[in-house]
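Trainee: Please read through the structure below; I'll follow up with questions.
The values are calculated or read from the model by the stated rules, or taken from the named source; none is laboratory data. These numbers come from a predicted model, not from an experiment. Cβ sites come from the backbone with ideal geometry, for glycine too, and all protein chains shown count toward neighbours. With ligands, DNA and RNA removed, areas are computed over all heavy atoms of the protein, side chains included. Shrake-Rupley method; radii C 1.70, N 1.55, O 1.52, S 1.80 Å.
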Amino acid sequence: MLYFRELVTEINWHIVKQELAGLDLITDPATVAKLSLDYYHFSPILQAQLQDKRGELVIRPLNEAEVIQVAKTCVRYKIPLTIRGAGTGNYGQCIPLEGGIILDTSGLNQIIFLKPGIARVEAGVRMAALDKEAREIGWELRMVPSTYRSATLGGFIGGGSVGAGSLNYGQIKERGNVLAVRIVTLEDPPQIRELRGDDVQKVLHAYGTNGIITELEIALAPAYQWAEMIVVFDDFMESAHFGQALCDSDGIVKKLVTILAAPLPTYLTALKTYLPQGCSCALLMVAESSLEALLELIEEYQGHITYNKNATEASKGISLLEFTWNHTTLHARAIDPNLTYLQTFYLTLDKVEQMYNHFGEEVMIHLEFLRLGGKTIPAGLPIVRFSTAQRLEEIIDYHNQAGAGIANPHTYIIEDGGNGQINPAQLAFKALVDPYGLMNPGKMRAWLELSNSP
Ligand SMILES: Cc1cc2nc3c(=O)[nH]c(=O)nc-3n(C[C@H](O)[C@H](O)[C@H](O)COP(=O)(O)OP(=O)(O)OC[C@H]3O[C@@H](n4cnc5c(N)ncnc54)[C@H](O)[C@@H]3O)c2cc1C
C-alpha cells in the first residue's frame, strides 16, 4: 500500500524538536543553510533551480539506534528526510527540495571490520580514513573519487559512481564492488534490512531515496606504492593515444590516467611549473614497480616527464588525484566561473577526436579511463564554456547522437542523469521501504510519475 504525500499535513516543528531533543540537532539557520547545499553550483542550470532550497533542521546521529529514532519521527509526522554525507555531490543530490529533516551521517564513522579483501564500515566513514586503515593491512579502496579526503563511503555509494581505480574495477555499481548494505527504512514502523549480492543494486546511486544506509561492506584491492607523474605532449590526440595505450598495457599496474587537452592544463595553477604553455598532459598514478615499463611507453609516444614523485614523496604533498576527475572542473571554475562540465562516455578515441575537432575550445576535452564490459574505455568530464541553456542542450544532443553518451550532470533527477530509463527494481524497493515517499522527495522520476498517475 502506498501513501502519497498529498496526505501530509502541516508539521508542528516544535513537537518534532521536543521529540528528538536528546539527539545532536542543528537549528541555527546559517548552519542549516550550509548543510542544505552541495556542489550543485557546478551547473548553471541547477544553480538557478536549487540555490534557495533549505531543510528545517539537521540531525547528526551517532549510531543506528538514533537513526531509527529519526526514522520513526519522520514516519509519524510525515516529514521529508534527506540524507547527507559530506555534501560533495554535484547534482543537488542531498539538497532537500521539500524542506524537512537533513540527516547528516558524519557521526556514523566506525570501521566494523577490515580483513584481507573486505571492509565493513558505517556509512559516514570518510574514504581517505578507511583507505589509510586498509593500507595498514596491505589493502586499499578499489576506487576513490577525487573528493576522497572528505567524501563518505555512504555518499559515494548513494550519489557517486567512479574515480581513481575505476580503470581497473569499473564503476562502483559493477557486481562485486559493493558486497552488502544495511539500511534503515521509513516503513511504519521502520525496519532494518540487509541487502547482499545483486540486491545491493536497489540502493546504489539512488540518492538516498530508498533507505538510509547505516553500514556497508565493500571489496578491497591489493595496495601498491603509487608514484605520481605528469607527462606533457605537444599534440592532444597523441596524449589520448598514450592514455589508451597505458590502460591497455596489462603488465603496467596503474590507478589513474587523466588526459587534459590544451588549454585545460593552464587552469591547474598550482601545477603551472610542470605544465608548459600550450601543452596537453597526462596526470598519472602508477605502481613504483611498473615505472621502468612506463618510461618506455612514454618514450614511444614522445611524451616529456615534467613531474615525477615516488610514493613516499607523493604521499606528503597534495596528490595529483586532486587535479583530476571533477577536481579539474573545480580548479577551472575557480579561474572562470562561467565554465561548466559534462560527463561523457566516449567509448572510443575516434569519438574523442570527433568531439575535439567539432567543438574546439568550447568543449575542452578531459579524459578519464574506466573499465567497462572487460575493456578500458575513454570517458571524461569535458569542460564547457557555458553560453546559454539551449546551447548546452545542443552540445549534449550532438554527443548523444554521435554515440558519445552523456550522463547529464545538469539535472537532479536520478534517471535523467543516467541513461534516462526508469529502474523498476529501485522503484519497487522504494514502494516497499518508503511507502509515504518521504525520502529525498522529487529526485526519482519513476516515483513522481507513479504518484501523479490517476
Ligand atoms: C570537486 C569534486 C570532485 C568530485 N569527483 C568525483 C569523482 O571523482 N567521482 C565521483 O563519483 N564523484 C565525484 N564527485 C561527486 C561527489 O564528491 C562524490 O559522489 C562523493 O562520493 C559524494 O560523497 P558525499 O559523502 O559528499 O555524499 P553526499 O553528496 O553527501 O551525498 C550523495 C548522495 O548520496 C546520498 N547519501 C549520502 N549518504 C547516504 C546514506 N548513508 N544512505 C543513503 N544515501 C546516502 C545523499 O542523499 C545524496 O543523494 C566530485 C564532486 C566534487 C565537488
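Trainee: I'd like the full set of residues that are outside any loop (DSSP other than H, G, I, E, B), within 16 Å of the ligand (Cβ to nearest atom) and open to solvent by 10 Å² or more (accessible area, probe 1.4 Å), limited to the range 430-447.
Mentor: Leu432, Arg445, Trp447
Trainee: Next question, about the same structure. Pick out the one residue from Thr147, Thr209, Thr214, Thr152 that is in contact (Cβ under 8 Å) with a residue 60 or more places away in the chain, within 14 Å of the ligand (Cβ to nearest atom) and over 17 Å from the mean Cα position of the chain (by Cα).
Mentor: Thr214
Rundown of residues vs (1) near the ligand (Cβ under 6 Å from one of its atoms); (2) touching a residue at least 60 places away in the same chain (Cβ under 8 Å), yes/no style:
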residue	(1), (2)
Lys78	no, yes
Asn90	yes, yes
Gly99	no, no
Asn109	no, no
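Trainee: Still on this structure, I have one more. Do we find a residue being at positive phi and more than 18 Å from the chain's Cα centre (by Cα) anywhere in the range 129-138?
Mentor: Among the residues of the range 129-138, at least one is at positive phi and more than 18 Å from the chain's Cα centre (by Cα), which makes the answer yes.
Trainee: Moving on. Within the group Val257, Val231, Val253, which residue is open to solvent by 10 Å² or more (accessible area, probe 1.4 Å) and touching a strand residue (DSSP E or B) at 6+ places or on another chain (Cβ under 6 Å)?
Mentor: Val253
Trainee: Might you check whether a residue that is crowded, with 23+ Cβ neighbours inside 10 Å, in a helix (DSSP H, G or I) and outside the structural domain of Gln244 (by TED's automatic domain parsing) occurs anywhere in the range 389-412?
Mentor: So far as the range 389-412 goes, no, none of its residues is crowded, with 23+ Cβ neighbours inside 10 Å, in a helix (DSSP H, G or I) and outside the structural domain of Gln244 (by TED's automatic domain parsing).
Trainee: Going through Arg371, Arg391, Arg333 one at a time, which residue ends up being over 23 Å from Cys247 (Cα atoms), of a type in the set (Lys, Arg) and within 16 Å of the ligand (Cβ to nearest atom)?
Mentor: Arg333
Trainee: Okay, next question. Are there helices (runs of 4 or more DSSP H) fully within the range 100-178 with at least 2 residues that are open to solvent by 40 Å² or more (accessible area, probe 1.4 Å)? List them.
Mentor: Filter on the range 100-178 gives 127-136, 166-169.
Trainee: Looking at Val162, is it in the same structural domain as Ile218 (by TED's automatic domain parsing), near the ligand (Cβ under 8 Å from one of its atoms) and of a type in the set (A, V, I, L, M)?
Mentor: Yes.
Trainee: Looking only at the range 77-99, count every residue that is open to solvent by 30 Å² or more (accessible area, probe 1.4 Å) and outside any loop (DSSP other than H, G, I, E, B) and tell me the total.
Mentor: Counting residues in the range 77-99 that are open to solvent by 30 Å² or more (accessible area, probe 1.4 Å) and outside any loop (DSSP other than H, G, I, E, B) gives 2.
Trainee: Being open to solvent by 30 Å² or more (accessible area, probe 1.4 Å) and within 11 Å of the ligand (Cβ to nearest atom) is the filter here; which residues of the range 65-76 pass it?
Mentor: The answer is none; no residue qualifies.
Trainee: What is the residue count in the range 192-206 for residues that are in a helix (DSSP H, G or I) and without any contact (Cβ under 8 Å) to a residue 40 or more places away in the chain?
Mentor: Of the residues in that region, 4 qualify.
Trainee: How many residues are more than 17 Å from Arg60 (Cβ to Cβ), within 8 Å of the ligand (Cβ to nearest atom) and in contact with a Leu (Cβ under 7 Å, 6 or more places away or on another chain) when one looks only at the range 111-144?
Mentor: 1
Trainee: Also: So is Thr328 hydroxyl-bearing (Ser, Thr, Tyr) and more than 24 Å from the chain's Cα centre (by Cα) or not?
Mentor: no
Trainee: With the requirement that a residue be of a type in the set (Lys, Arg) and surrounded by fewer than 17 Cβ atoms within 10 Å (Cβ to Cβ), what does the range 32-53 give you?
Mentor: Passing the criteria: only Lys34.
Trainee: Pull out all pairs, ordered by first then second residue, where Cβ-Cβ is under 6 Å, the residues are six or more apart or on different chains, the first lies in the range 166-188 and is farther than 22 Å from Pro222 by Cβ, and the second is buried (at least 19 other Cβ atoms within 10 Å of the Cβ) and small (Gly, Ala, Ser).
Mentor: Every condition considered, the pairs that remain are Ile183/Gly211; Val184/Ala71; Thr185/Gly211; Leu186/Ala71.
Trainee: Given the structure, is Leu186 part of a loop (DSSP other than H, G, I, E, B), of a type outside the set (Asp, Glu), at pLDDT 95 or above and more than 16 Å from the chain's Cα centre (by Cα)?
Mentor: yes
Trainee: Separate question: Kindly indicate whether any position in the range 220-231 is within 30 Å of Ile68 (Cα to Cα) and either away from the ligand (no atom under 16 Å from the Cβ) or polar (S, T, N, Q) (or both).
Mentor: Yes, that holds for at least one residue.
Trainee: Determine which member of the set Glu6, Glu66 is assigned to a helix (DSSP H, G or I) and modelled with pLDDT under 95.
Mentor: The unique qualifying residue is Glu6.
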